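First up is the structure itself, then whatever we jot down about it.
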Amino acid sequence: MKHKRLPLSIRILIGLFLGIIVGLLLQGKADFAKTYILPIGTIFLNLIKLIIVPLVFASLITGVASLGDISKIGRIGAKTFLYYLFTTAFAITIGLVLATILNVGAGFVLESNNLENTVEEAPNFIEVLVNIVPANPLESLVNGDMLQIIVFAIIMGAGLLAIGEKGKIVFDVFDSIAECMYKITGAIMKLAPFGVFGLIVPVVAEQGIDVLLPLLKVIAVAYLASAVHLFVVYAFTVKTMGNMSPAKFFKGAFPAWLMAFTTTSSSGSLPVSMQCAEEDLGVSKPIASFVLPLGATINMDGTAIYQGVCAIFIAQVFGVHLEVNQYIMIILTATLASIGTAGVPGAGLIMLTMVLKQVGLPIEGIALVAGIDRILDMCRTSLNVVGDISCAVVIENSEQKRINK
Ligand code: ASP
């Protein structure tokens, strides 16, 4: 008799819970967990990473080339950018309001040895802008520089569109590469329950209660603000602008959420979010392959929330009173900083320096939250990724409406 297998998302969840239990059992033996269990997670992560560049590059070229009309790229691009900008500004406001109301820094005792960590500098914003346009696109592909790859793929797709019939051979080649990468993504995801287990055990084993306890409030406020953004803002946008029931949306986006939660990398979760958007949420390939890679690099609502909560936490702990204009400054800089944050683990922590500097808060404050960064990163990355998928759903619906008009 053939027995039915549990659905993949349930198996991934089981991997996560077993990982948490084993991690708790291995508290104090983090070295063991890192040496023997983490490699399972790392192999899984490498498998996912190996498909990212060919997947994004090939699917974006074919996506743009099959839009049929260059002006469509501009229109979809503008809508996508506006959606990302507004949801991010909303996210940071929610973070600021909740952190202020709940007094996130209250009760935290500042110990001088908390401040030993050195602080890395965030890159200059203009530099980031200039670097988006690649001088050597092959180098961008080799380095996996996502924004440069996106720009190159859009230019290439637009070029193919312009030469019409002559571009067919190249189009077919990339189309076939993209198909192949989708297929491989599906196969790799079957290993996700083991990968998630391997990634989560060392995190739980390492983050002992004594590291977490003093900072429990920051963690709680960041998670709460993210939950509000998820279940209020995204539920609202997918319902009203995406014409989709929030329940269907959350169910469809769940594998990507979980992937982001465990890997703490938006870029690393990209193959899965593309699969969720296309297969479960009915987003067309051109839109998914344009909106999602862009979102994985520039749209970081979770990171924006985190920056807001941390800024207030650091201000309160150091006894700095913030004026209204400083709040506005935090909203502006955190929105920009979240755009500039790379979709890789820990990037948000580095960009927090930019926000603190702009607002005139002590940069040493970074050291306070550095110890729990992984726990906060899990929260912010998973929200970042769901935000990207919500945008894909919204843009798909608005393009459908145009066609049906
Ligand atoms: N890890 C986050 C991401 O990949 C970025 C961050 O650190 O905030 O989306």
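Here the sum of -39500 (n - 2.57) over DSSP H runs of 4 or more residues, divided by the residues of the chain, equals -24000 deg cm²/dmol at 222 nm, to the nearest 500. Only protein atoms count toward the accessible area here, which uses a 1.4 Å probe; on the chain, the carbon and sulfur part of that area reaches 68 percent.
Kirkwood radius for the chain, taken over all pairs of different Cα atoms as the inverse mean of 1/r, rounds to 21.8 Å. Taking all protein chains into account, the per residue accessible area for the chain stands at 45 Å² (1.4 Å probe). Between 164, 15, 195, the Gaussian network model of the chain with springs among Cα atoms under 10 angstrom shows the greatest mean-square fluctuation at 164.
Sorting the segments 58-69, 296-307 by their mean number of nearby beta carbons within 10 angstrom, highest to lowest, gives 296-307, 58-69. On the basis of the beta-carbon distance and an R0 of 30 Å, residue 102 and residue 20 show a calculated FRET efficiency of 0.70. Relative to the longest principal axis of the Cα atoms of the chain, helix 146-163 runs at roughly 10 degrees. When the Cα convex hull of segment 198-254 is projected onto planes of every orientation, the mean area is 5.2 nm². Provide, for q = 0.13, 0.14 Å⁻¹, the log10 of I(q)/I(0) from a solvent-free Debye sum over equal Cα point scatterers in segment 49-103. Computed log10 I(q)/I(0) values: -0.58, -0.63.
Each 10 Å bin from zero holds the following percent of Cα-Cα pairs in segment 266-405: 12, 38, 27, 16, 7, 1. Listed values for segment 325-330 are Karplus-derived 3J(HN,Hα) couplings in whole Hz (6.51 cos²θ - 1.76 cosθ + 1.60, θ = phi - 60°), namely 5, 6, 4, 5, 4, 4, and x replaces Gly and Pro.
The overall shape of segment 183-277, judged from the alpha-carbon gyration tensor, is oblate: a/c is not under 1.5, and a/b is no greater than b/c. Taking 26 Å as the limit for the C-alpha separation, the pairs 168/248; 29/49; 190/285; 190/248; 168/401 exceed it in the case of 168/248; 29/49; 168/401. Can you classify segment 221-269 as rounded, prolate or oblate using the Cα gyration tensor, where a ≥ b ≥ c are the square roots of its eigenvalues, rounded means a/c under 1.5, and otherwise it's prolate if a/b beats b/c and oblate if not? The shape class here is oblate. Using a cut-off of 14 Å between alpha-carbon atoms, which aspartates and glutamates can reach residue 79, once sequence neighbours fewer than 8 places away in the same chain are excluded? Reachable aspartates and glutamates: 388, 396, 399.
The values are calculated or read from the model by the stated rules, or taken from the named source; none is laboratory data. Remember, predicted model here, so these are calculated numbers, not experimental data. Cβ: placed from backbone, ideal geometry, glycine included. Neighbour counts: every protein chain shown. The accessibility values were calculated without ligands, DNA or RNA, using every heavy atom of the protein model including side chains. Shrake-Rupley method; radii C 1.70, N 1.55, O 1.52, S 1.80 Å.
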